[in-house]
1. State the dimensionless ratio Rg/Rh of region A:1-116 (Rg: radius of gyration of Cα atoms; Rh: Kirkwood radius).
2. In vacuo Debye scattering of region A:59-129, one point per C-alpha: log10 I(q)/I(0) at q = 0.17, 0.19, 0.22 Å⁻¹?
3. Looking at the calculated P(r) for region A:160-239, what percent of the C-alpha pair distances fall above 19 Å?
4. Can you give me the convex hull volume of the Cα atoms of the protein assembly as shown, divided per residue and expressed in Å³?
5. Which order do peptides B:332-339, B:160-167 fall in by mean Cβ count within 10 Å, highest first?
6. B:Gln426's amide H: which non-local residues (gap 5+, or another chain) put their own amide H closer than 5 Å, with H modeled 1.01 Å from N in plane and none for Pro or chain starts?
7. Which net charge results when you count Lys and Arg as +1 and Asp and Glu as -1 among the other residues whose beta-carbon is under 11 Å from that of B:Leu316?
8. Take the cross-link list B:Lys220/B:Lys415; A:Lys214/A:Lys362; B:Lys30/B:Lys157; A:Lys204/B:Lys150 and give me the ones stretching past 29 Å between alpha-carbons.
Amino acid sequence: MSKNLITANLLSEEYQHFSLTVEDDIAWLSIDVKDEGANVISPDVVTELDNACDEIAKLSVKGMILLSGKSSGFIAGADVKKFRELTDPEEARVFIKAGHDACQKLEDLKMPTVAMVEGFCMGGGLEIALSCDYIIVDDSPSTKLSLPEVNLGIHPGFGGTVRSIRRIGVMKAMPIMLTGKNILPRQAKKMGLVDMCVPLRQLKSSAIQIVLRKPTKKQAPKSSKLLELKPMRTIIAMQMRKQVASKAKQEHYPAPYALINLWEANGSASDEMYAAEAESVLQLGMTDTARNLARVFFLQNRLKALGDKSLFTPKHVHVIGGGVMGGDIAAWCAMQGMKVTIQDLSADALGRVMGRAMTGFKRRYRKDTFRIMQAKDNLTPDLNGHGIASADVIIEAIYENLEAKQSIFKDVEAKAKPDAIIATNTSSIQLSDIAKVMKKPQRLVGLHFFNPVFKMPLLEIVYTPKKTNVTVIKQAQSFGAHIGKLPLPVKSSPGFLINRILMPYILEGVTAQQEGIPVAVVDKAAVDYGMPMGPLELADTVGLDICLNVGKILADTVGVTLPTALDSEVAAGKLGKKSGEGFYQWKNGKKQDSSKNDWNGDIQQLQDRLIEKLTNESQKCLDEGIVEDADLLDAGVIFGTGFAPFRGGPMNAVTESD
Amino acid sequence: MAKSNTQKPMTRDVYLVDGARTPFLKARGKPGLFSAIELALGASKPLMLRQPFEASDLDEVIYGCMMPSEDEANIARVLALRIGGGDKLTAYTVQRNCASGMQAVDNAVRNISHGYADLIMAGGVDSMSRAPLLLNSDMTHWLSGFYGAKTFGAKVKAISKLRGPFFAPVIALMRGLTDPVVGLNMGQTAENLAYRFNISRTEMDQYSVDSHLRLTAAMKAGHLDEIEPLYDDKGNVYNEDDGVRPDSSVEKLAKLKPFFDKPYGKVTPANSSQITDGATSLIIASEDAIKKHGLTPIAKLNAAQWAGLSPAEMGLGPAHAISKTLEEHKLTQKNIDYWEINEAFAAQVQACVLALNDADYCKNELGLSKTVGQIPEDRLNVDGGAVSLGHPVGTSGARIILHLANTLQRENAKKGIASLCIGGGQGGSMLVEAP
């Protein structure tokens, strides 16, 4: 008979988010935030953590292990919803201070403390983990560590800036905070962020052994102490600012600059940095950028929520058309665990699809040969279209030709399962025109992906009001969620939402260029506003022939004016990136910098002119009910075009500037 | 009289419902682009795609493979999992040298016939170009000593014992094609047959030229729609058997030097089967499975007959197995419309034809009262064979069964026999019938 050495919960009933037990002289502190799917940190949680540390300090135990009581992961970071409600700077100050105090108390516990991490460990979650003596992680793809605060326009604010640099040195810690990228378990072990990376089956016993054996704690190497000297800090900070400047402007994104300043001014060796961090994060929290980026976070969640995964379980996706778009859609779906068949009349086209897919898999999974193998096994070339009969989702992605598409859908409808989603990836043809030939035109839905498929998160779910079956629309949204895209229902109308809004912006750029404003100046005006790409570079990337084609359709239907320059460029065979020449010269898919950039016009006026086209068209789309409301429009434009996230979307920008 | 009778009456009919193979890609002196499992997937994934059932509906996967790589232990199970058959789909790999693919089909036929299964994927694969190089025994011993050396001094001492010849690799392919009992290379056993049946170099070369011309004609006529294209990781497509030489002639072949019995033998690389990579997969079903999934059979399959003979004359295996097959089914040579005898060597196929029509051989070696008869040339290997398209050893048995079934269907014929010689001194043969 083994005796039961586990105590009951030692914390009082007042604790809502934590429980504490002792087993074999080791304290186990479990965090399980009430009424939340994931552990998110609110002021309440911070207070409880602080109090729980007092309780633990009173215990006579060999050590403490902090773990999550949720299967979803460790700690997801600060509760952005609550954080957003903190509009009063004093309240915010109290919250930050409480976080600092709780983490300090955790760090000051005299016994060895271990953060036992399984699943995500993000933001404030990682800051709490960093306050423990040791961090050990489960070696699984779902375990990810990150300090993504910069994406919300702030930086870590619970002492994480100090502790991360002390633990792994400024050269490794800063990139984590400046990019907000996920760190995978083995990577985390390699850089010293965590002490051990073990399979789940060894996680608990490893945590116990660490408490019992007390190995040397992780610390930044001695060499990095040198970097903490004031003169070195100045040099490194300068370098880092230069790197950041190439990605984000200070007036748009102040947080990374504030983070660099914070370290440069204090150095992680000094405890002064804690107080300075609190002050800095408070200042950042009050900026428009932070407010808008928090808005983007919620817009993203809103789009995510539009796809209810439980509505539909797609297992097999059949893609028709082995061009770049069809091939990339197929490869993407294969990586999301779907069985995928890709159909084309040409074996050579299918060969190119497989080649591109393999390159994509290898780029994404690096040396993880097992995941590469799984993705490859999921993808099967299908010359004869056998996959149609068993597919749950069928996506047509051939060239833009109505008759060709119609003949495909006639065939598809005859062969497909009665409950399969039948979809087109058309970007310019009306759904109702294609569906004409179908026995059940209400089945056809648009699944409009954006190029490059691997990078663009938005998926337009195109429907014809009162025609497209509502269940099909919902299932298509669900499919979007299953393949990790953000689904946005849009009414079928020329250009749908994204192309419709982008086209006037592109065409205005062309007109401006036609008026004699240098190409680089036109694009710079837009990039200065915060657009990821100027209108002329975008035109080159999309292809001038496609711009012309879509432009013509929009000119006929929604009253866009078409500049004459586009016609003559296309007639001259200058199609942009794909032909090597458009508004720019292109070599091996890389833009060659244009030398002419002297212009003495009013750049602000030019910028206003370009952006106005975009915001005006946005307003028109909203008026026409292309999407349901302004938030969804903003969400679509941000995730579909990369529109300046710090401005919170075009409609938000208009409201703010008023 | 056979020593053992492996036959037990069939209790249920068994059908071939579909099959596919990869193009056969000739080994070009370096490891090929596709490993055995990639080849097996290349045949099986497109095959499964056109079935109205899922891989998880299969009762078993049985695959023949003679030389799996170090990562491909029980390659059948790897295949079962990677085609999406799920954890519960069982699978095993069989090895009967050159007849491994036929062995896999035979196991499937017998299991279904006796009611142990209803739906089986069977086939075979080998990536001959990727046959491993092994460390020789001296090197293996040296390495175990070296790994055992704990101290620096011991390691230095061990290193001082390392000798140049230790580095000479053992070429698994060459060892695999050499009989370990009589010490003869497979090519030398073919020389034995040429000697015994007095087959000339020109006759062998002529047979080989015909094989290439027949395959060329079959390609043109579209008789090889059993092939599914292979796609490599760089995006290249492989559509066709690439060992074929449409411009082959006896004059050209005469220039080649004998490879096995140097300098004056007759068997050359050109009148032998090619060293090739490829896979074949078949779907084999009971009548119940056919009804359940709405399948259309292309042929009825019977259990294979297996026969043993001297390893030094292994190429005559088909003669022994064929005579048993005819006896088992109470058929004569005249009842058979089409024949596939795997072309391990031109001389070996020719020797089988001669032996079956030779009164002495039939009486003394096969125990028959009269000859089996002359297999008509125009009914034997009508679309070429291993001399022109190659012989991935684990695959060929399954390939000839599939191709024979397709030929019977195409020609609206009733019965055919597929047969192979087997290194080590055996023969295998299977009666394939219109469904």
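1. Rg/Rh: 1.00.
2. The calculated log intensity ratios at q = 0.17, 0.19, 0.22 Å⁻¹ are -0.75, -0.88, -1.04.
3. Distances greater than 19 Å cover 46 percent of the Cα pairs.
4. About 243 Å³ per residue, rounded to a whole number.
5. Averaged packing, sorted descending, gives the order B:332-339, B:160-167.
6. Long-range HN contacts for B:Gln426: B:Leu309.
7. Result for the local shell: -2.
8. A:Lys214/A:Lys362; B:Lys30/B:Lys157; A:Lys204/B:Lys150
Laboratory data are not the source of any read-out in this text; all were calculated from the coordinates shown. These figures come from a predicted structure and were not determined experimentally. Backbone-built Cβ (ideal geometry, glycine too); neighbour counts: all protein chains shown.
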